[in-house]
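Bear in mind these aren't lab numbers, they're just calculated from the coordinates by the rules spelled out. Computed from a predicted structure; not experimentally measured. Here the Cβ is made from the backbone with ideal geometry for all residues, glycine too, and neighbour counts use every protein chain on show.
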């Protein structure tokens with residue numbers, strides 16, 4: 001099978017990766033003859049150390065190609081030629097495919113820190129390159145980004161995470177329109193981003209399909225939007241404000257406390273997004289104020 005390339009694209013620069021252009025008749029071979037793929041003008045991502053060796057030998061081997069493609073996709077699964085690179089892995093590197101799936105399952109099976117959520121998203125994106133019609137993959141990316149966008153240590157990325165969640169859940173619903181849980185979460189992304197009318201458009205058709213007590217909770221959310229009982233600013237803006245407050249802690253603890261107090265003063269937001277961890281930090285910061293307050297400053 002030929003790995004055809006779009007010659008209008010330029011390879012995406014990636015740290016630690018150098019691109020090699022094989023000769024016109026290059027074929028990827030390996031696994032004792034089980035792999036034999038023609039190569040058609042596709043720039044090969046190689047690890048820098050492998051690139052130096054290939055420049056000397058003139059031809060990349062099976063292992064060098066696999067390592068390079070896998071690392072390129074791990075760095076940026078949205079890079080140029082990503083779909084074609086993933087197709088090569090799928091056709092020629094079953095052990096790498098098994099590694100991707102196994103690691104994704106492992107990360108899904110336990111509580112992980114935010115960097116591991118990023119790794120999980122990357123692995124799932126690589127899998128969508130190979131299975132673009134798999135709604136479950138798009139759904140899991142969306143849900144993972146929702147989790148990331150709600151974590152205290154990643155609040156500075158809340159806008160990016162919640163818009164990414166919206167995008168991936170939308171794609172999942174296009175593939176499986178009747179998935180009730182995904183539709184509810186898609187509406188939640190609209191709500192967090194402050195797109196309240198869009199949230200209504202998603203949520204209202206779900207009511208007849210919901211069981212109790214899900215119907216009661218969803219109806220309460222819908223009625224609150226209708227009554228304009230909403231956070232004073234979109235929830236994602238509060239999440240961003242909290243990120244700013246935490247960044248200011250070392251330079252201006254008073255401003256940190258003031259921002260957090262303003263966020264927690266919005267009862268609608270706090271009722272919908274419990275801020276127990278943030279409230280605990282506020283108490284800690286308030287205790288630190290007397291020792292750091294300037295003369296004449298507030299305590």
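Points worth noting:
- Distance (nanometres) between label positions extended 7 Å along Cα→Cβ at residue 90 and residue 57: 2.8
- You can think of it this way: the chain between residue 29 and residue 272 has 81.9 nm of extra reach, that is 0.36 nm per residue less the Cα-Cα gap.
- Computed log₁₀ I(q)/I(0) - Debye formula, equal Cα scatterers, no solvent, segment 188-283, q 0.17 Å⁻¹: -0.77
- Percent of C-alpha pairs per 10 Å bin in segment 3-92, short distances first: 17, 55, 26, 1.
- For segment 57-109: span of alpha carbons on each principal axis (Å, largest first): 43, 22, 17
- Degrees separating the helix 48-57 axis from the principal Cα axis of the chain, which is the longest one: 10
- Each semi-axis of the equivalent ellipsoid for segment 235-292 is √(5λ) with λ an eigenvalue of the Cα gyration tensor; in descending order they amount to 20, 12, 8 Å.
- Binned Cα-Cα distance frequencies in the chain - 10 Å width, integer %: 6, 21, 24, 20, 15, 10, 3, 0, 0
- Rounded FRET efficiency, nearest 0.05, which uses the C-beta distance separating residue 40 from residue 160 and R0 of 45 Å: 0.80
- When each of the peptides 203-214, 151-162, 264-275 is scored by the mean number of other C-beta atoms lying within 10 Å of its residues, the order from highest to lowest reads 151-162, 264-275, 203-214.
- C-alpha long axis of helix 180-192 to longest principal axis of the chain, angle in °: 60
- Evaluated over segment 84-234, the Cα radius of gyration and Dmax, each in Å: 17.2, 57
- Where the Cα pairs of segment 41-161 fall when distances are cut into 10 Å bins, in %: 13, 40, 30, 15, 3
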